[in-house]
């Protein structure tokens, strides 16, 4: 707190407010036993640099604190923290400014030199940079991201041609001098250079937003094109790194795949992007370099392919295990996302059991189950669904093929309670069919809550496993139909306490 207070006071003396990242405050606090804040200035000629460059130079490389004005704009000032209460703070100030000046001069040189070469000219050079030994160069990765971006674009309302143009430049700034010196500025510099070189603003913004969200708790990409690139980039990274056997284990996640999966899930959900996840994951898997794809499919399918031609013919039929592995990994991060938002495990698992292909649809089902859980009928119907699942499972284990039984035969409904339940099911099916098709799960489940009374009446008055085979099978078919109706949204049986 001493560091925070002193830096804030020094910034106020400069007419502004200090940027106070918690990690930087902690680091400086640990480095200084007797902190003394020193107000310093930045030479005016360097204020033309992008703000991110100046901030990175001052914060990351020198552990100083930039100063902002009332509008949040960078002032030509910073605050350094000395580990001594000097009698001559002016000398310390000069020393700090002397250290910062050459760093900013270097940055200005890199910036000016980079502006002389269009980003597009850097794309070819990406062929010389290895992304991952088994996944090829950064140019190879760029081509895969282009294909995925074109596939994702329609779901976000973006022109595929524009998505391709942006994706093609998405790694170009990695070849610039500035990013070579300040790797943490990747994307940000792509944005600045693209704007300066006359690229469409949407493309420039997307070159930065491809990395959004860069960390947890920060917003997803704001622009549609940025969201397309963010999704495509993460899809390729997940599919590729899984394919070469480097998926996370325990606390080890060198390629930050957990963060990539969470960023993908957040972008789809918070961006309200309807995308068939298994389908696009399959495209990502099939885009992997041939040998790595062969090895991956052989591994997940527990098979060995001696004939590459045969593999090529069957590849699209053999991706299911790989797609499932990736889907489950993304679902696991989605589980963590909702858990952090206060969603209980039973609600999440009830929806996950249905394996929705679309995470926006998943989110809508989740909200419906949350609303259903608040209804008085919830626990009774959850318990009934659990009982039904057990009855149907045991019937199957005993050799009864419920599918072969066919539908419910109304003439075999002998008890008033089963006739009442059948009538209630038919009415509910009629009322909810269109709602479920439209994704109106809250309204649909609320209507199904009205089934509590006939369901309770059925179990109170009817013996399902009757001695007469035809009657028994008819009642099993009735319960199967009821279970299927609830499963239009989620596995409600998992809500049973």
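Rule-based calculations on the coordinates, nothing more; no lab input. It should be emphasised that the depicted structure is a prediction, and the values quoted were computed from it without experimental measurement. As a convention, Cβ positions derive from the backbone with ideal geometry for all residues, glycine included, and neighbour counts pool all protein chains shown.
Please say if the range 130-182 is rounded, prolate or oblate, where rounded means a/c under 1.5 for a ≥ b ≥ c the square roots of the C-alpha gyration tensor eigenvalues, and otherwise the choice is prolate for a/b larger than b/c and oblate otherwise? Please list the in-between numbers first.
Values: a/c = 3.43, a/b = 1.59, b/c = 2.15.
It comes out oblate by the Cα gyration axes.
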The exposure ranking of 327, 296, fewest beta-carbon neighbours within 10 Å first, is 327, 296
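Could you work out the relative contact order of the range 352-497? I mean the mean sequence separation of Cα pairs under 8 Å and 6+ apart, divided by the number of residues, in percent. Present the calculation step by step, with values, prior to reporting the outcome.
Numbers: 146 pairs, mean separation 66.5, N = 146.
That works out to 46 percent.
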log₁₀ I(q)/I(0) of the range 372-495 at q = 0.09, 0.20, 0.21, 0.23 Å⁻¹, via Debye over equal Cα point scatterers, no solvent, to two decimals?
-0.23, -1.16, -1.26, -1.46
I'd like the distance separating the alpha-carbon centroids of the range 437-497 and the range 96-116, in whole Å.
70
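With the cut-off at 1.5 for a/c, could you classify the range 124-342 from its C-alpha gyration tensor as rounded, prolate or oblate?
Values: a/c = 1.64, a/b = 1.32, b/c = 1.24.
Prolate shape, in that a/c is at least 1.5 and a/b is the bigger ratio.
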Which distance in Å, rounded to a whole number, links the C-alpha centroids of the range 264-298 and the range 219-238?
13
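Could you tell me which of rounded, prolate or oblate describes the range 2-115, using a ≥ b ≥ c as the square roots of the eigenvalues of the alpha-carbon gyration tensor, with rounded for a/c under 1.5 and, failing that, prolate when a/b is larger than b/c and oblate otherwise? Please list the in-between numbers first.
Details: a/c = 1.75, a/b = 1.55, b/c = 1.13.
The shape class here is prolate.
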Pair-distance profile P(r), taking every C-alpha pair of the chain, with 10 angstrom steps and integer %:
4, 15, 19, 19, 17, 12, 7, 5, 2, 0, 0
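At a threshold of 8 angstrom on Cα-Cα distance, excluding pairs fewer than six apart, so keeping six or more, what relative contact order does the chain reach in percent?
Numbers: 697 pairs, mean separation 49.3, N = 497.
That works out to 10 percent.
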Please find the FRET efficiency linking residue 484 to residue 130, where r is the Cβ-Cβ separation and R0 is fixed at 56 Å, and quote it to the nearest 0.05.
0.60
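What does the helix-only formula give at 222 nm for the chain: each DSSP H stretch with n ≥ 4 adding -39500 (n - 2.57), the total divided by the residues, and the result rounded to the nearest 500 deg cm²/dmol?
Values: 24 runs with 297 residues, N = 497.
So the helix-based figure for the chain works out to -18500 deg cm²/dmol.
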Counted neighbours (other Cβ, 10 Å), sorted fewest up, put 220, 38, 58 in the order 220, 38, 58
For helix 378-397, report the angle its Cα long axis makes with the longest principal axis of the Cα atoms of the chain; keep it between 0 and 90° and round to the nearest 10°.
70
With the contact rule set at Cα under 8 Å and sequence spacing of 6 or more, what percent relative contact order holds for the range 45-129?
26
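Which of 258, 227 has the fewest other C-beta atoms within 10 Å, and how do the rest follow up to the most? Walk me through the numbers on the way to the answer.
Working: 258 15, 227 27.
Fewest to most other Cβ atoms nearby, the residues stand as 258, 227.
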